[in-house]
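What follows is a set of notes on a single structure, which appears directly below.
The values are calculated or read from the model by the stated rules, or taken from the named source; none is laboratory data. Fair warning: this is a prediction, and the values are worked out from it, not measured in the lab. Cβ sites come from the backbone with ideal geometry, for glycine too, and all protein chains shown count toward neighbours.
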Number of protein chains: 2
Amino acid sequence: MENFVLHNQTKILFGKGMVAQLGTECRYFGKRALLVYGMESIKKSGLYAEITGLLADQDIAIIDHGGVVSNPLLSHVREGIKKAKDNKVDLIIAVGGGSVIDSAKAISCGTCVEHDVWKFFTGKKSIKQTLPLVCVLTLAAAGSEMNGGMVITHDEKRHKFGTGNNLLNPKTSILDPSLTLTVPKDYTVYGAIDAIAHICEFYFTTKIKAPVQERFMEGLILSIIDSCDRVILNLNDYEARSDLMWCTTLALNGWTAAGLGLVGFPMHMIEHTLSAHYNVAHGAGLSVIMPGWMASMVARQPEKFNQFSERIFKHSNTDLLKNGRAGVSSLKEIFSQWQAPVTLAELDIPESALAELARESLPLAKNWRMNDYSEKIIHEILEGCL
Amino acid sequence: MENFVLHNQTKILFGKGMVAQLGTECRYFGKRALLVYGMESIKKSGLYAEITGLLADQDIAIIDHGGVVSNPLLSHVREGIKKAKDNKVDLIIAVGGGSVIDSAKAISCGTCVEHDVWKFFTGKKSIKQTLPLVCVLTLAAAGSEMNGGMVITHDEKRHKFGTGNNLLNPKTSILDPSLTLTVPKDYTVYGAIDAIAHICEFYFTTKIKAPVQERFMEGLILSIIDSCDRVILNLNDYEARSDLMWCTTLALNGWTAAGLGLVGFPMHMIEHTLSAHYNVAHGAGLSVIMPGWMASMVARQPEKFNQFSERIFKHSNTDLLKNGRAGVSSLKEIFSQWQAPVTLAELDIPESALAELARESLPLAKNWRMNDYSEKIIHEILEGCL
């Protein structure tokens, strides 16, 4: 494997009732917190009241910053930064899924500088300081709760850009699977697919032979499929929700990637363009792009796809290429069984849109150092997703 | 799975040449370091000269404390504590395998108190403070480089006791697989077996159904078997050494155990008594005890052993018990192929010793809260190892 440095300092509190510890986890970081969240659902569920009560018990003042949307927007991040500066907050608290946590991360670094936060995303500035961030996760999907990555969408340009820094790792993340029991089937599935995509990006784009990490990733994919199946059977299955939640965190917390060297995010690259322009759910976009991208790659890495097929789906065709393709088909079939879209048509994206999508994906390819992706190649992959 | 808190703050620097960063990793912690190591081998290999040079470059003064033996002794720990106090050291640096790192951990907490360090091991005192610890690992085995556990042997009483605390986690551990290229075949194998035992203790003693962690552990066992096989074929295979080293760290760094609830260490319990009384290598002792313990447990957890057999060795006998036993036999066979001992006779331990070994194991069972182990049960397990 490649040399690596691994230092993930996020403290995880996992399980039912762990939210009760929010106040004591936050009090070390100060007395004034910006509370970032999404829509009204956490007020309806009672979680908002519980959290504000816990913070009040520790004499932590709250500056409210709700309203994060999925594919979270730069304009809302900028508003959050202004509030955080005006109120001299000591810490940020995020209550939600990946969109909320990513917004909170952007606010946590943007508050520490005079320049516009977007410069971190375009690579014009580097993150050197952040406010401490504490998260309460309510959606098993993005993995942002235990890593230093974030993705934000520029409102006007419709650029969905990501960046990362160890300093963005949350100090503490509270993962209570019972908070996800109310997530409907479609968004549960999208979360599972997002996590599978995170793993497959690493698994198929690394140029390094890394047998230990490969086994770990294969185990996670098997566990995601199994636990998502169980959740679909019974949305109230706490154990299945727990397994799925922990898998989605592990899929992108750096543990599987340590030793893989430089990896790419080609599926996310194309999907980010898709969801920035059509506002489809991220997991729904990935459900379409992933099988298409994988099908286009089988011939380039027949051994790797063969291993994937063998170990995940027990396919045993001795023709490597055929066996690899069978694995991709099986994955696509699972997404279909989960009633996730697997074609652009199902997302109402017409063939005429492909040229623009391919063109708009290129800046992301450059951002993520994936120089082997031309407009033509991206167009071909998209054609395979029609 | 069970609720858990996971907060492993050890920073890992993994790969060839990473030792060069030792000085910069240490300088944040102070100017006076106690350097703990084993025998003369690191002087012969040139590692000692490299390390002292790197520390000198950062103006870090070294107080030398070599001479740690395997099954490390309390008397030597006490000497180290005296040196650390007399010289007012700011940090501890460990260069070696698990014995050296465990000794350094004991010194790091023992230096911060007035009472004798052994009280931490008997449970009479709790660890509340430690000196920072930085490790350079030279043996892939114990996993101590990324956890808060330590095991020390009382010279006179021959009690080999372990204890743990998050504060004992090393600040930084440098894992350079090339430092293990000179480890001979037998000790390489013992390291692999030690790691398999760490995983199997968790895997078979948890009372919690934890499918995600089970897949992770199964992947690790498969990877250890595979990488150890490759190392045996060519002791200079850097990639195989890398895979094995990373597996042995992951086997006991808390990642697989998170969510498993209370686990036991029955194999280590019996082996610690064995090696405290007969001074056999820890991995050699485990190689004998593990298959014996597992064979005695198949009937109690037929489903778990069946899963182990299926997923690790692809056994597919439809009789659960037979299939489970086949897996245990396969593991024992691998240890034999690796030329590790699999019977007490091979360790020159006579049947007449069993009664005393069983009796001496009991305090450990109590220490580790394994109240279902009586002298009789331990005796029966040992009989199965003859």
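Looking at A:Thr205, A:Thr180, A:Thr163, can you tell me which residue is more than 14 Å from chain B (Cβ to nearest Cβ), touching a residue at least 24 places away in the same chain (Cβ under 8 Å), within 25 Å of A:Ile93 (Cα to Cα) and surrounded by fewer than 24 Cβ atoms within 10 Å (Cβ to Cβ)? On inspection, the qualifying residue turns out to be A:Thr163. If the condition is being over 20 Å from B:Ser287 (Cβ atoms) and either modelled with pLDDT under 95 or of a type outside the set (Val, Ile, Thr) (or both), then region B:183-217 contributes B:Lys207, B:Lys209, B:Ala210, B:Pro211, B:Gln213, B:Glu214, B:Arg215, B:Phe216. A:Cys26 meets all of the listed conditions (1) within 14 Å of chain B (Cβ to nearest Cβ); (2) surrounded by 22 or more Cβ atoms within 10 Å (Cβ to Cβ) but one, namely (1). Put simply, of B:Ser275, B:Ser296 the only residue that is of a type outside the set (A, V, I, L, M, F, W, C), within 27 Å of B:Pro350 (Cβ to Cβ) and more than 20 Å from the chain's Cα centre (by Cα) is B:Ser296. Is it the case that region B:242-254 has a residue that's away from every other protein chain (no Cβ under 14 Å), assigned to a helix (DSSP H, G or I) and of a type in the set (Val, Ile, Thr)? No, region B:242-254 has no match at all. Among the candidates A:Ser126, A:Ser70, A:Ser108, the residue that is farther than 15 Å from A:Leu179 by Cβ, within 23 Å of the chain's Cα centre (by Cα) and in a helix (DSSP H, G or I) is uniquely A:Ser108. Taking A:Ile208, is it within 30 Å of B:Ala192 (Cα to Cα), among the hydrophobic types (A, V, I, L, M, F, W, C) and not in a loop (DSSP other than H, G, I, E, B)? No. Residues in region B:223-241 that are charged (D, E, K, R) and either within 19 Å of B:Lys16 (Cα to Cα) or within 11 Å of another protein chain (Cβ to nearest Cβ) (or both): B:Asp226, B:Arg230, B:Asp237, B:Glu239, B:Arg241.
Of the residues making up region B:358-386, not one is among the small types (Gly, Ala, Ser), within 23 Å of the chain's Cα centre (by Cα) and loosely packed, with under 15 Cβ neighbours inside 10 Å.
Look at region B:78-89: where a residue is within 13 Å of B:Val68 (Cα to Cα) and a partner is part of a helix (DSSP H, G or I), sitting 6+ places away or on another chain with Cβ atoms under 6 Å, you get B:Gly80/B:Ile107. The residue that is surrounded by the most Cβ atoms within 10 Å (Cβ to Cβ), counting only those in region B:3-22 that are within 7 Å of chain A (Cβ to nearest Cβ) and more than 21 Å from the chain's Cα centre (by Cα), is B:Met18. Within region A:30-51, the set of residues being hydrophobic (A, V, I, L, M, F, W, C) and either surrounded by fewer than 20 Cβ atoms within 10 Å (Cβ to Cβ) or within 14 Å of chain B (Cβ to nearest Cβ) (or both) comprises A:Met39, A:Leu47, A:Ala49. Is at least one residue of region B:45-64 assigned by TED's automatic domain parsing to the domain that holds B:Gly148, more than 22 Å from B:Val151 (Cα to Cα), outside any helix (DSSP H, G or I) and of a type in the set (Asp, Glu)? Looking for residues that are assigned by TED's automatic domain parsing to the domain that holds B:Gly148, more than 22 Å from B:Val151 (Cα to Cα), outside any helix (DSSP H, G or I) and of a type in the set (Asp, Glu), one finds at least one in region B:45-64, hence yes.
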